[in-house]
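Presented below is the structure to which this report refers.
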Amino acid sequence: MKFVFVFSALLVAGCLSTAPIVDFATPASISIRYDPWLFTAKEAGNVAQKHCLKHEKNAAIVDRKRINGGWDLMSFDCR
């Protein structure tokens, strides 16, 4: 019984720690999906900036919207 409780707690903790997810990325753009209860728009922007810096560019937000399941989707151009 103790094992089941510990395993369940670890499973839930793992689900809650999901980082922002890259839905789509090219050298010119990136779209990032994240749970706004767990992460901020700034954290999604940091992921986008890291991606764009690989191409010697900076991330510029072009769209932000709420999608199904209560997640946010942010799209960036690399300029």
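Can Leu73 be described as part of a loop (DSSP other than H, G, I, E, B) and not acidic (Asp, Glu)?
Judged against the criteria, Leu73 is not a match.
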### Message
I'd like the full set of residues that are farther than 19 Å from Thr18 by Cα and either assigned to a strand (DSSP E or B) or of a type in the set (Gly, Ala, Ser) (or both), limited to region 39-64.
### Response
Ala59, Ala60, Ile61, Val62, Asp63, Arg64
### Task
Sort out which residues of region 1-38 are in a strand (DSSP E or B) and either of a type outside the set (Phe, Trp, Tyr) or at pLDDT below 55 (or both), and write them in order of number.
Ile21, Val22, Asp23, Ala25, Thr26, Ser29, Ile30, Ser31, Ile32, Arg33
### Task
Kindly provide the set of residues from region 38-79 that are within 12 Å of the chain's Cα centre (by Cα) and of a type in the set (Phe, Trp, Tyr), ordered by number.
Phe39, Trp71
### Query
If you scan region 40-70, which residues turn out to be closer than 15 Å to Phe24 by Cα and touching a helix residue (DSSP H, G or I) at 6+ places or on another chain (Cβ under 8 Å)?
Ala59, Ile61, Arg64
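The values are calculated or read from the model by the stated rules, or taken from the named source; none is laboratory data. These figures come from a predicted structure and were not determined experimentally. Cβ: placed from backbone, ideal geometry, glycine included. Neighbour counts: every protein chain shown.
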